[in-house]
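I have placed the structure first, in the form of structure tokens, so that the comments after it can refer back to it.
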Amino acid sequence: MDNNKNSIKKENRILYITLILSLLVFVIAITMLITYFNNLMVEHDQYLSGEICTLVSEKMNNYINSLTDRSKKIAVTLSAQDYSSLDEVYEKLASDDDVREQYAGIGFVDEDENIYATEEEKVDFDRWDLLDYTHTAENVTMSMPYRSNIYGKTVSTVFVKINYSQGKDGWFFITYLFEDLQEIAKTNSSITDLEIWLMNADSANIIQCVSTDEHAVGSWTNAYLRMQNLTDEGSKATYMNWIQQLREGVDNMGINYTIGYDSYSQYCDKIESAKDWYVVVRIPNKALSSTVSQFRDQVIRFTILLLIIVVVIILTMYILNRRENDMLEKISLHDALTGLLNRRAFSVSSAEWLKSGKYKALCFIDIDNFKDVNDKLGHEKGDELLKTFSSILSDNLGDKAEIFRYGGDEFLAMIAIEDSDDIDQILKESLNCVHNIKLSGFSDEPGKHMSFSAGLAQYPSDAEDIDELIRCADRALYSIKEAGRDGYRWYKDL
């Protein structure tokens, strides 16, 4: 029995190792799979945001170029006419209704920095230091967006250098509503949660051009303030480096960062015709990667299902193997005719059972005149008698003993009852039951009935090991047989 337990422990150990290895392989595979797909999604998101940003920046560059080209053409025309005074040309332009409807503002700055504009426009020049752009303009420059005192909206002013009054330098300016530029930034992309900004690298100021929040469109903020939303130190460092790269004049750059549980892909592209200005596109990765992430999730689900199937197969094979082994073990340890434990089972386990201290007596039993039954009635009747006798022993001893068919008509019982008087009572009841067995042609003869003889030895008073205990019980059995059979005797009573 101990060998059987050791075998079961070994099988369980193999099962646990197999399951652990399967789980380990699965975890490694899932980790590699998720890492691969996440890297793939990052590359996909970065590429797509870059494409959108490039598209938007091209549109905005084209639009700004058209604004500056239009301003240049007007400036060339004005320079060719060589006006003696800017008052004359300003009055002409300011009184032109078509010009006023087409532009948010128009005017001049002479070489002495006198401003030819409306009083409201002059207020904006003072408030936003617009004259500074004339100092940096070689031929044409565009101011950073600012909120107009006249319209209450964001505008931008284009300055173009002109010549007047025989060699004097001045600047012609046109003010445009910035919302026209924001409209250019909009895209027909089906991607949700898309944000498009215009960012001034020098000041790090941002204008929201496209947003899921309609109220946020046209609002101003600062890139450094947005960085405060970043909780991850790695994302903060990435974002700070991105701002620094823009300030150094990089043409385009993409980054990835996280805010809370959401990750974003962000890409910027330089607006060539607007100094220090960039188009910035920001897209949540969940919006870009819905298809890829769905495919990833499906693959993960399939892998989990595959693992479950493998585990079920392993467990099923283990259970079937255990059942087969249990069946073989049962066959090898049980008597096929009576269903009792056999001699091999006794040899394997009796010594260990005895050491457990539970079993207090050994009973050696022999059916009386069994050979005569086989000779007179045949082996079929003999087998029937063996089965009946086995049932009587099992019924009377019950769970108080382990019963073995030792061989032929010999039986052994290891009894877990300490009081010998209780054992005597059980054996008497068993004898009475056996006496009542009726075998036609044998037990119906006058003076004949079925019986058994039994010899008993106690542990540890009679013997301290199983072999000696068997010898003691066998001597007691031999003694009762010599006395005429049909009874039992204790070794201590010899």
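The values are calculated or read from the model by the stated rules, or taken from the named source; none is laboratory data. These numbers were taken from a predicted model, which means no experiment stands behind them. Every residue, glycine as well, gets a Cβ built from its backbone with ideal geometry; the counts of neighbours run over all protein chains shown.
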Subject >> Qualifying residues in the stretch 76-110 (those that are of a type in the set (Gly, Ala, Ser) and modelled with pLDDT under 80) - the one nearest to Val140 (Cα to Cα) >> reply: Ser79
Subject >> Filter result for the condition that a residue is assigned to a loop (DSSP other than H, G, I, E, B), of a type outside the set (Asp, Glu) and at positive phi, over Gly398, Gly441 >> reply: Gly441
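Per-residue answers, yes or no, for (1) over 14 Å from Asp368 (Cα atoms); (2) surrounded by fewer than 19 Cβ atoms within 10 Å (Cβ to Cβ); (3) modelled with pLDDT under 95:
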| site | (1), (2), (3) |
| --- | --- |
| Asp395 | yes, yes, yes |
| Glu402 | yes, no, yes |
| Arg405 | yes, no, yes |
| Ala416 | yes, yes, yes |
| Ile437 | no, yes, yes |
| Gln458 | yes, no, yes |
**OP:** With a cut-off of at least 2 residues that are surrounded by 17 or more Cβ atoms within 10 Å (Cβ to Cβ), β-branched (Val, Ile, Thr) and over 38 Å from the mean Cα position of the chain (by Cα), name the strands (runs of 3 or more DSSP E) lying wholly within the stretch 194-238.
**Re:** 205-210
Original post:
modelled with pLDDT of 85 or more, assigned to a strand (DSSP E or B) and within 16 Å of Val281 (Cβ to Cβ) - does that describe any residue in the stretch 243-253?
Top reply: yes
Subject >> Of all residues in the stretch 415-438 being farther than 16 Å from Asp395 by Cβ and in a loop (DSSP other than H, G, I, E, B), the one that is farthest from the chain's Cα centre (by Cα) >> reply: Lys438
Original post:
Consider Asp98 against the criteria (1) assigned to a helix (DSSP H, G or I); (2) surrounded by 12 or more Cβ atoms within 10 Å (Cβ to Cβ): it satisfies all of them except one. Which criterion is unmet?
Top reply: (2)
Original post:
For the stretch 479-494, which residues satisfy the criterion of being touching a residue at least 24 places away in the same chain (Cβ under 8 Å) and either in a helix (DSSP H, G or I) or of a type outside the set (A, V, I, L, M, F, W, C) (or both)?
Top reply: Ser479, Ile480, Lys481, Arg485, Asp486, Gly487, Tyr488, Arg489, Tyr491, Lys492
**OP:** With respect to Leu412, determine if the residue is under 60 Å from the mean Cα position of the chain (by Cα) and at pLDDT 90 or above.
**Re:** yes
